[in-house]
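Asker: Just dropping this structure here.
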Amino acid sequence: MPAVLLALLTLILCPVAAAETDGPLVFVSVLPQQTFVQRIGGERVRVRTLVQPDQSPHTFEPRPRQVAELAQADLYLGTGVSFEDAWLPRIRAANPRLRVVDLREGLPLLTLADHDHDHDHDHPVDAPDPHVWTSPPLVKAMSLAIRDALIDLDPEGRETYIANQAAFAAELDALDAELRALLKDLPSRRFMVHHPAWGYFAHTYDLTQVAIEREGKEPGARALNALIEQAKREGVRLILVQPQMNPKSAEQVARAIGGEVAVVDPLAPDYAETLRRLARLIAEAGT
Ligand code: ZN
């Protein structure tokens with residue numbers, strides 16, 4: 001096939017890919033990670049996220065099209081969400097030149113038992129909590145790992161990656177200060193959540209997350225009643241839910257305590273705005 005025709009076909013078949021750089025192809029698990037990689041990689045890298053906005057990373061399976069594109073990828077930046085355990089070995093086997101970096105490496109990981117002694121998750125309580133990106137100081141640490149992985153792949157972009165990471169780190173520091181100010185001096189430092197995705201956020205800002213879910217499942221009637229009693233005792237008025245999960249039990253608790261359900265998405269790509277909104281909701285409910 002003549003080259004011109006081939007180029008034309010490529011343009012027609014994949015207009016997005018044609019408009020993009022041919023720089024490193026980086027895959028991440030969840031959308032906030034994509035935001036971080038784009039901030040540091042800028043125009044030099046192509047970033048793809050496996051878990052789409054309406055999917056839960058705990059039950060996710062890649063689509064065939066994603067598996068095919070992963071075979072072309074240069075770098076995978078993991079964060080320990082459950083599907084990675086099952087899929088990363090297969091992805092590696094299909095693409096032996098793929099570099100895999102776990103962005104949690106070197107971070108002070110918490111288990112779900114550290115966050116909350118009453119309830120657990122769909123992982124065993126002594127397994128590390130994967131939702132590390134909910135803490136800005138931890139994202140700052142992750143940004144260094146992202147920067148170094150990109151420099152390794154694309155040494156010519158070194159100056160760009162260093163400058164972008166520094167700017168991003170300054171933004172994270174500012175966000176952290178803003179959240180600290182919003183969340184200081186609250187009479188109640190506990191908040192209730194359907195799925196325990198905010199453990200690192202809670203730990204960073206000296207809050208306690210109380211989860212409705214138990215081992216990734218809806219609580220039974222007895223557990224639900226105990227949660228309602230606890231919520232009443234502690235003056236809880238706000239229950240957080242995320243759009244990937246059915247909030248039925250959260251709504252039941254909210255009704256029983258005369259409180260409210262608010263949707264905040266830990267997988268949202270607009271990272272800073274999401275955390276600001278979360279902090280404001282907690283501050284308003286806790287005052
Ligand atoms: Zn989760």
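Asker: If you scan region 56-113, which residues turn out to be open to solvent by 40 Å² or more (accessible area, probe 1.4 Å), assigned to a helix (DSSP H, G or I) and either of a type in the set (Asp, Glu) or within 15 Å of the ligand (Cβ to nearest atom) (or both)?
Answerer: Listed by number, the residues that qualify are GLU69, ASP85.
Asker: Which fully enclosed helices (runs of 4 or more DSSP H) of region 199-287 have 1 or more residues being open to solvent by 10 Å² or more (accessible area, probe 1.4 Å) and free of Cβ contacts under 8 Å to residues at least 12 places away in the same chain?
Answerer: Output list reads 221-233, 248-257, 271-286.
Asker: Just for region 163-197: of the residues that are farther than 30 Å from VAL101 by Cβ, touching a residue at least 24 places away in the same chain (Cβ under 8 Å) and part of a helix (DSSP H, G or I), which one is least open to solvent (accessible area, probe 1.4 Å)?
Answerer: Going through the qualifying residues, I end up with LEU183.
Asker: Against the definition (modelled with pLDDT of 95 or more, within 17 Å of the chain's Cα centre (by Cα), surrounded by fewer than 23 Cβ atoms within 10 Å (Cβ to Cβ) and more than 16 Å from the ligand (Cβ to nearest atom)), how does THR160 come out, yes or no?
Answerer: Spelling it out, it is not the case that THR160 is modelled with pLDDT of 95 or more, within 17 Å of the chain's Cα centre (by Cα), surrounded by fewer than 23 Cβ atoms within 10 Å (Cβ to Cβ) and more than 16 Å from the ligand (Cβ to nearest atom).
Asker: A further question follows. Among the numbered criteria (1) more than 18 Å from TRP133 (Cα to Cα); (2) within 16 Å of the ligand (Cβ to nearest atom), which single criterion is violated by TYR200?
Answerer: (1)
The values are calculated or read from the model by the stated rules, or taken from the named source; none is laboratory data. None of the values given here were measured: they were computed from a predicted structure. We place every Cβ from the backbone using ideal geometry, glycine too, and count neighbours over all the protein chains shown. With ligands, DNA and RNA removed, areas are computed over all heavy atoms of the protein, side chains included. Shrake-Rupley method; radii C 1.70, N 1.55, O 1.52, S 1.80 Å.
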